[in-house]
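Below you'll find the structure, written out as structure tokens, and then a few comments.
The values are calculated or read from the model by the stated rules, or taken from the named source; none is laboratory data. These numbers come from a predicted model, not from an experiment. Heads up, the Cβs are rebuilt from the backbone with ideal geometry, glycines too, and the neighbour counts pull from every protein chain shown.
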Amino acid sequence: MATGEPKTKLSFQEAAIRSGVVSARKYKKTVELAGTDEDEVIAAMLVKSGVLTQYQCQQLRAGRTKLTLGPYLITDWIAQGGMGQVFKAVHEVMGRQCAVKVLPLGKSTPESRDSFMREIRLQAGLDNPYLVRAFDAGRDGNVHYLVTEFVPGHDLRRLIRNNGPLPMNDAALIISQAAVGLQYAHDQGIVHRDVKPGNILVTPDGHAKVSDIGLAAWSMGLNDDPRAGKIVGTADYLSPEQIRDPMSVGPLSDIYALGCTLYYTVTAKVPFPGGDSRSKCRRHCEQTPWHPKKFAPDLSEEFVDVIADMMEKDPARRIQSAAEVADRLEPWTAAPSIAVDQPIDRQVWTPPPPPNEPSQIREFPEAAEIPSSGNFGSGNLGSGNLASSGNLAGSSHSGYSDSVTAVPQDPEDWQPYSSRSIDSQRALPIAIALAIAIPLSLLIGAIVGFMIRGQL
């Protein structure tokens, strides 16, 4: 968030200090450490040290100093929403990350301000894990803003553009979660009116949240909506009844849009690609889209039927509630694969022991001493079969039933092998003594034999 270009552009140092994000003392210390006062070098050091974000640095280098909205410090730009721009921010006192939606001054008309205030009031009353929660709202000068929770990850549209269409299980899980969130909104008497992939946020662990209810309306009546009687929404996801009669919008319109979203999720294609908005609207009312299996042959017919029932042009024949959508998709949500990139969890590895402490790994006897019967093949534990057979100390696999009887399950059962190893260690000095004594005895015996033979 930043104000327009000042008449006289400030230097980076002046902008940084005037913004309040960087103190004069901090800037001076950075210059001393860098050994230069070049803007590029100082800016890079401030970003590297975490004092500034890359976005803040760009704004300050452009001479913009307004980086706050009320108690919120803007740290990054997220997207352009239906009602305005969305920024990433942090509360200066609480330190909580959040998203701040701003109604730009250039679009601040009486109608847009009324719509924005309706969004604030609508979202403030919603509290569901599958809907983006509102935290705060305020006004900074002439700028109105809405503060919501920050959802890490990507919206569904960007996720599919980056990774391609999702498998059935992943798509079913994300859309069913969105359906649960929409059902909650419908139960509160609210219709979203702009359900689309760009308004479904997906976290790195696959949790979906429906966002941006800027076009939402009370399903009980549209008389208080400044856009009543107008077609609002995104052309690729508009329901036929919403196009024919905008006043008849209801929960079933959201279900149609969610069906179009599911179609896009598994095919990476909108139902009616190409053409302008008028053409898309006409095809939503009169034509049927390509069969999803044309783009995703692995889809099951049962899954395709769910999409078709959500996208029925006649509302009376459509799936009648978002809750029913979630129920219909449940068979495919049981075992989803990883839908989005996740960081590697290194906690699955046992941490190394501290220095000078014994290892936690048990020293097993050599493979040659372990019976090779059953499914262990040659009996060599070093071949990797130990990992595939599970934990020997407590768990077993039905496929390894013969091997379980051949290999001890209790660590104490390894004692006979350990005792044999100990006996071998005791026998080693005896064997060495014999190896030395026997040649000597043979030599002495040979000498004595020659002496006796000479006397004879």
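Observations on the model:
- Annotation note: Cβ proximity below 7 Å between a residue of the stretch 155-179 that is at pLDDT 95 or above and among the hydroxyl-bearing types (S, T, Y) and a residue that is in a loop (DSSP other than H, G, I, E, B) and surrounded by fewer than 22 Cβ atoms within 10 Å (Cβ to Cβ) (sequence gap 6+ or interchain) occurs for S176/T333.
- The set of residues from the stretch 241-251 being in a helix (DSSP H, G or I) and either surrounded by fewer than 24 Cβ atoms within 10 Å (Cβ to Cβ) or not assigned by TED's automatic domain parsing to the domain that holds A326 (or both) comprises E241, I243, R244, P246, M247, S248, P251.
- Within the stretch 66-99, if we keep just the residues that are among the polar types (S, T, N, Q) and modelled with pLDDT of 90 or more, the residue that is nearest to L156 (Cα to Cα) turns out to be Q97.
- Elements of the type helices (runs of 4 or more DSSP H) sitting completely within the stretch 1-70 and holding at least 2 residues that are within 21 Å of K88 (Cα to Cα) and not hydroxyl-bearing (S, T, Y): these cover 12-19, 39-48, 54-61.
- Of G35, G84, G63, all but one fail to be exposed (fewer than 14 other Cβ atoms within 10 Å of the Cβ), on the phi > 0 side of the Ramachandran plot, out of contact with any Cys (no Cβ under 7 Å at 6 or more places or on another chain) and free of Cβ contacts under 8 Å to residues at least 60 places away in the same chain; the exception is G35.
- Any hit, the stretch 103-115, residues being crowded, with 21+ Cβ neighbours inside 10 Å and either at pLDDT 90 or above or under 27 Å from E324 (Cβ atoms) (or both): no
- Being assigned by TED's automatic domain parsing to the domain that holds L166, assigned to a helix (DSSP H, G or I) and β-branched (V, I, T) is true of I307.
- Among (1) crowded, with 19+ Cβ neighbours inside 10 Å; (2) in contact (Cβ under 8 Å) with a residue 24 or more places away in the chain; (3) not in a helix (DSSP H, G or I), the one test that N128 misses: (1)
- Complete set of residues in the stretch 169-186 that are buried (at least 19 other Cβ atoms within 10 Å of the Cβ), in contact with a Phe, Trp or Tyr (Cβ under 6 Å, 6 or more places away or on another chain) and over 16 Å from L201 (Cβ atoms): A172
- Here V143 meets each of (1) over 15 Å from T203 (Cα atoms); (2) surrounded by 23 or more Cβ atoms within 10 Å (Cβ to Cβ) with one exception, condition (2).
- A2 being at pLDDT below 90, under 30 Å from R157 (Cα atoms) and surrounded by 12 or more Cβ atoms within 10 Å (Cβ to Cβ): yes
- Filtering G153, G138, G189, G164 for residues that are touching a Ser or Thr at 6+ places or on another chain (Cβ under 6 Å), surrounded by fewer than 18 Cβ atoms within 10 Å (Cβ to Cβ) and not hydrophobic (A, V, I, L, M, F, W, C) leaves a single hit, G189.
- For the stretch 289-319, filtered to residues that are free of Cβ contacts under 8 Å to residues at least 60 places away in the same chain and of a type in the set (V, I, T), the residue that is surrounded by the fewest Cβ atoms within 10 Å (Cβ to Cβ) is V304.
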